[in-house]
Amino acid sequence: MFKIQTLNNISVAGLERLPRDRYEVASEIANPDAILVRSAKMHELPIAPSVKAIGRAGAGTNNVPVAAMTGRGVAVFNAPGANANAVKELVIAGMLIAARNIAQAWQFSRSLTGDDAAISQAVESGKKQFGGFELPGRTLGVIGLGAIGVKVANAARALGMKVIGYDPTITVRRAWQLESDVQAALSIDDLLARSDFVTFHVPLTDATRHMINAERIQTLPKNAVLLNFSREGILDDAAVVAALDQGHLYAYCCDFPSNLLKDHPRVVTLPHLGASTREAEDNCAIMVADQIREYLESGNVTNAVNFPEICLPFNGDHRLAIVNSNVPNMVGQISTDLAAAGLNIIDMLNRSRGDVAVTLIDVDQRCSDETLARLQGISGVLSVRRLGG
Ligand SMILES: NC(=O)c1ccc[n+]([C@@H]2O[C@H](COP(=O)([O-])OP(=O)(O)OC[C@H]3O[C@@H](n4cnc5c(N)ncnc54)[C@H](O)[C@@H]3O)[C@@H](O)[C@H]2O)c1
Ligand SMILES: O=C(O)[C@H](O)COP(=O)(O)O
């Protein structure tokens, strides 16, 4: 029986992928084999030695201690692209909310008092303060052209906007998906100088933290709009507020409320709603549940953020799934120990990514506890699992 701990509400559609005769799933569970999580912050949480995999039912893994898990031989999976459409729709909504002053206008309507005639009169005299502008012909700058950025760029083109993008590590797959008339910016500064709207779709890392600061904001055209549905910390919010107060920026729409932002008259914050649709929650949960199940049962890896992709078809007999440092002679030492134990290798696959490698070895008989312990004791072996019979 595999034990799965959930740290957030994970869509039932995903949990149903884990058959109850083989999986016990609960928020409180001792010695879990895997953890399913959304945005719960795991950096300060104790993570039991029994954990072999963490599945982030979403895109960003900055809430997971990925480097520490890699060092322990724990795979961290996410669900690339599974919530991209949901975020794209909210970004487009954010542009319209900003361009048409929808949030401020709605607040005004809700504040109206008196009989309907008085309301009508107040509407006609008050509406001029909320006049806006239209999107066609305006330029949207998209920073980060991954699963979400590409969808946002293409949707903005369909709305008649000009689109420029910046992503120095764009993949060939994403480049193929982009509308051909999306222009490539030479740099972030080049993009900022030419954009009426700028939207961010990058992970939060040391390299992206505060990528928009006070200095860079000044390179934007006057009355530009910023949209942050990526992560708190990508923009320096204090600098954004200062630029709004100076009248340099027109509006800021983001998914990350704070005391500084939530009541500002030119800021619209939403409570981290980017991926909160039924469809996205189902897609993400199904994707990570399938990946976790495949990893626990066969050792195969799909969409891990810290492990190489690896797939060796498994007939359910006798497999060793080993995570080891990517250094010389690991496979040599492992196979020497297996031979000494009288185990014959039937099939084997080794893949590496950065400092870590995954080695799947099918053997002709069950590996004993002693041999397992010997493999675990090889310097550089991070984890060893015995799968199948
Ligand atoms: N608000 C929400 O609910 C919500 C939902 C999903 C994702 N997100 C956030 O959005 C981020 C992006 O999601 P995604 O699914 O598009 O991820 P993704 O991995 O498909 O795309 C990220 C892109 O950013 C690019 N990139 C990285 N560093 C960059 C830099 N310095 N400059 C320019 N580009 C850079 C990468 O090359 C990649 O193409 C996630 O990491 C997450 O933090 C938020
Ligand atoms: O990175 C993500 O996928 C989003 O931030 C969604 O987070 P959530 O799963 O907590 O809604």
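The values are calculated or read from the model by the stated rules, or taken from the named source; none is laboratory data. Model, not experiment: these values are computed from the prediction. Because the Cβ atoms are built from the backbone with ideal geometry, glycine has one as well, and the counts that use them run over all protein chains shown. Please note that ligands, DNA and RNA were not included when accessible areas were found on the heavy atoms of the full protein model with its side chains. Shrake-Rupley method; radii C 1.70, N 1.55, O 1.52, S 1.80 Å.
The set of residues in the stretch 78-98 being of a type in the set (A, V, I, L, M, F, W, C) and near ligand 2 (Cβ under 10 Å from one of its atoms) consists of 79, 82, 84, 86, 87. Would you check if residue 308 is open to solvent by 40 Å² or more (accessible area, probe 1.4 Å), assigned to a loop (DSSP other than H, G, I, E, B) and either out of contact with any His (no Cβ under 9 Å at 6 or more places or on another chain) or within 16 Å of ligand 2 (Cβ to nearest atom) (or both)? For residue 308, the condition - open to solvent by 40 Å² or more (accessible area, probe 1.4 Å), assigned to a loop (DSSP other than H, G, I, E, B) and either out of contact with any His (no Cβ under 9 Å at 6 or more places or on another chain) or within 16 Å of ligand 2 (Cβ to nearest atom) (or both) - is not met.
Rundown of residues vs (1) of a type outside the set (A, V, I, L, M); (2) within 21 Å of residue 87 (Cβ to Cβ); (3) free of Cβ contacts under 8 Å to residues at least 40 places away in the same chain, yes/no style:
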residue	(1), (2), (3)
242	no, no, yes
246	yes, no, yes
250	yes, no, no
260	no, no, yes
299	yes, no, no
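Among the residues of the stretch 39-58, those identified as within 15 Å of ligand 2 (Cβ to nearest atom) and either farther than 24 Å from residue 283 by Cα or surrounded by fewer than 23 Cβ atoms within 10 Å (Cβ to Cβ) (or both) are 39, 40, 41, 42.
Of the listed requirements (1) more than 14 Å from residue 254 (Cα to Cα); (2) within 16 Å of ligand 2 (Cβ to nearest atom), residue 111 misses just one: (2). Out of 324, 344, 350, one residue alone is open to solvent by less than 20 Å² (accessible area, probe 1.4 Å) and touching a strand residue (DSSP E or B) at 6+ places or on another chain (Cβ under 8 Å). It is 324. When residues in the stretch 280-290 are screened for being away from ligand 2 (no atom under 13 Å from the Cβ) and surrounded by fewer than 23 Cβ atoms within 10 Å (Cβ to Cβ), 2 of them pass. What do you reckon, is residue 290 in contact (Cβ under 8 Å) with a residue 24 or more places away in the chain and over 30 Å from residue 387 (Cα atoms)? So residue 290 fails the test. Scoring residue 159 on the criteria (1) in contact (Cβ under 8 Å) with a residue 60 or more places away in the chain; (2) under 28 Å from residue 210 (Cα atoms) leaves a single failure, condition (2).
Among the residues making up the stretch 87-108, those that are out of contact with any Phe, Trp or Tyr (no Cβ under 6 Å at 6 or more places or on another chain) and either exposed (fewer than 14 other Cβ atoms within 10 Å of the Cβ) or among the β-branched types (Val, Ile, Thr) (or both) are 92, 97, 102, 106, 107.
When the stretch 59-77 is limited to residues that are over 13 Å from the mean Cα position of the chain (by Cα) and in a loop (DSSP other than H, G, I, E, B), the one that is farthest from ligand 2 (Cβ to nearest atom) turns out to be 73. Evaluating residue 325 against the criteria (1) touching a Cys at 6+ places or on another chain (Cβ under 9 Å); (2) under 30 Å from residue 58 (Cβ atoms); (3) not assigned by TED's automatic domain parsing to the domain that holds residue 60 leaves one unmet condition, (1).
Of the residues making up the stretch 26-38, those that are part of a loop (DSSP other than H, G, I, E, B) and open to solvent by less than 50 Å² (accessible area, probe 1.4 Å) are 29, 32, 33.
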